[in-house]
Amino acid sequence: MEHENTLAKNISGAGKGAAVDAACKRLLANKSILAWILKDCVEEYRNCDIRDIVEKYIESEPQIAEVAVNPDETNVSIRGLSNEDTTLTEGTVTYDIRFMASAPVSGELIQLIINVEAQNDFYPGYPLIKRGIYYCSRMISAQYGVEFTKSQYAAIKKVYSIWVCARPPKNREDSITSYSLKERNVIGNVKEPIQNYDLMTAVMICLGSGGKGNNVLRLLETLLSAKIEPEEKKQILQNEFDIKMTQAFDKEVTDMCNLSKGIIEESLAEGMEKGIVIAIRNMMDKLKMTAEQAMDTMNISKDERSKYEELLKQTAPKA
């Protein structure tokens with residue numbers, strides 16, 4: 001019989017406010033899930049078998065919410081080696097998930113550094129892609145003193161920052177977009193080896209309502225959905241994606257699903273109309289949803305939404 005690991009106990013201890021975020025990161029850090037993300041979003045794995053990515057190419061266990069983006073915060077750098085950086089601290093920011101991976105390219109194995117982020121708010125007050133590019137830049141500069149020293153720039157490893165956006169705007173739903181460095185001849189016609197400049201790629205995975213035939217969109221929308229029952233999720237993951245349901249993974253999927261339902265059920269105990277308002281507010285606070293997204297999840301009809309929007313304004317906490 002498997003017992004709860006340290007992370008599972010920490011989730012229980014942190015209460016409902018932390019469970020969604022922590023469970024989401026843990027689910028995305030599962031190697032089988034990462035393998036599907038890599039196959040569809042990382043060019044170097046396009047022709048690889050999922051099992052090979054899991055067993056051969058993802059190195060060790062991915063680090064979850066442990067590695068600082070700005071190295072002067074914790075002095076933790078890749079591969080667990082200590083590293084000092086003279087950059088000024090810009091607040092405590094950590095990568096959601098980061099890991100090393102090898103990839104078969106032109107008959108050789110190259111090494112990549114990959115970061116995966118779970119993001120609910122697509123418009124957090126700045127263009128999200130800029131943050132993705134910043135993370136790529138930090139993962140490159142943090143290699144100094146670890147992967148290379150002095151002028152050994154040839155040893156710099158390519159980095160990926162992959163963002164899983166659970167609630168994007170309508171015009172970006174069901175999309176995967178990558179941003180990378182490209183060669184463009186302004187004058188003349190030269191050809192630099194691609195490995196000398198193709199060093200960073202930011203990828204935005206924007207979920208929607210089904211995936212429209214794409215494997216990783218279908219997988220992630222199933223995995224992170226608040227509407228699909230846990231048993232159905234397990235069947236889809238196992239039957240369509242050949243992902244084994246271990247007890248630990250099974251528990252995390254169930255906890256993720258039950259949390260949003262629990263918020264609604266507890267709030268409804270306060271009385272129907274008042275309970276619905278409380279449920280909407282709780283989902284906005286704890287699941288980082290907009291009022292509209294919360295009402296979508298609760299299947300509140302269009303006709304009733306203006307009433308609840310007004311009640312939300314009346315019961316809004318005073319600044």
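The values are calculated or read from the model by the stated rules, or taken from the named source; none is laboratory data. Here the structure is a predicted model, which is why all the values come from computation and not from measurement. Methodologically, a virtual Cβ is constructed for each residue, glycine included, from the backbone with ideal geometry; neighbour enumeration extends over all protein chains shown. These accessible areas exclude ligands, DNA and RNA; they are computed on the full protein's heavy atoms, side chains included. Shrake-Rupley method; radii C 1.70, N 1.55, O 1.52, S 1.80 Å.
Which residues, taken from the stretch 145-180, are among the aliphatic types (A, V, I, L, M) and surrounded by 13 or more Cβ atoms within 10 Å (Cβ to Cβ)?
Answer for the stretch 145-180, where residues must be among the aliphatic types (A, V, I, L, M) and surrounded by 13 or more Cβ atoms within 10 Å (Cβ to Cβ): Val146, Ile156, Val159, Ile162, Val164, Ala166, Ile176.
Can you pull out the residues in the stretch 220-250 that are in contact with a helix residue (DSSP H, G or I) (Cβ under 9 Å, 6 or more places away or on another chain), in a helix (DSSP H, G or I) and not charged (D, E, K, R)?
Listed by number, the residues that qualify are Leu220, Thr222, Leu223, Leu224, Pro230, Ile236, Leu237, Phe241, Ala248, Phe249.
I'm trying to understand the selection: among the residues of the stretch 164-196, which are under 26 Å from the mean Cα position of the chain (by Cα) and part of a loop (DSSP other than H, G, I, E, B)?
Ala166, Arg167, Pro168, Pro169, Glu173, Asp174, Leu181, Lys182
Rundown of residues vs (1) of a type in the set (Gly, Ala, Ser); (2) part of a strand (DSSP E or B); (3) surrounded by 17 or more Cβ atoms within 10 Å (Cβ to Cβ); (4) modelled with pLDDT under 90, yes/no style:
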residue: Thr86; (1), (2), (3), (4): no, no, no, yes
residue: Ile110; (1), (2), (3), (4): no, yes, no, yes
residue: Ile114; (1), (2), (3), (4): no, yes, yes, no
residue: Tyr134; (1), (2), (3), (4): no, no, no, no
residue: Ser137; (1), (2), (3), (4): yes, no, no, no
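Can you list residue pairs whose Cβ atoms sit under 8 Å apart, with the first residue in the stretch 222-235 being free of Cβ contacts under 8 Å to residues at least 12 places away in the same chain and closer than 13 Å to Ile33 by Cβ and the second being aromatic (Phe, Trp, Tyr) and open to solvent by 30 Å² or more (accessible area, probe 1.4 Å)? Count only pairs 6 or more apart in sequence or on different chains.
Pairs that qualify, where the first residue is free of Cβ contacts under 8 Å to residues at least 12 places away in the same chain and closer than 13 Å to Ile33 by Cβ and the partner is aromatic (Phe, Trp, Tyr) and open to solvent by 30 Å² or more (accessible area, probe 1.4 Å): there are none.
Which residue pairs have Cβ atoms under 6 Å apart, sit 6 or more places apart or on different chains, and have a first residue in the stretch 34-51 that is touching a residue at least 60 places away in the same chain (Cβ under 8 Å) and a second that is surrounded by fewer than 17 Cβ atoms within 10 Å (Cβ to Cβ) and aliphatic (A, V, I, L, M)?
Glu44/Val105
Tally up the residues in the stretch 288-313 that are of a type in the set (Ser, Thr, Tyr) and either open to solvent by less than 20 Å² (accessible area, probe 1.4 Å) or in a loop (DSSP other than H, G, I, E, B) (or both), please.
3
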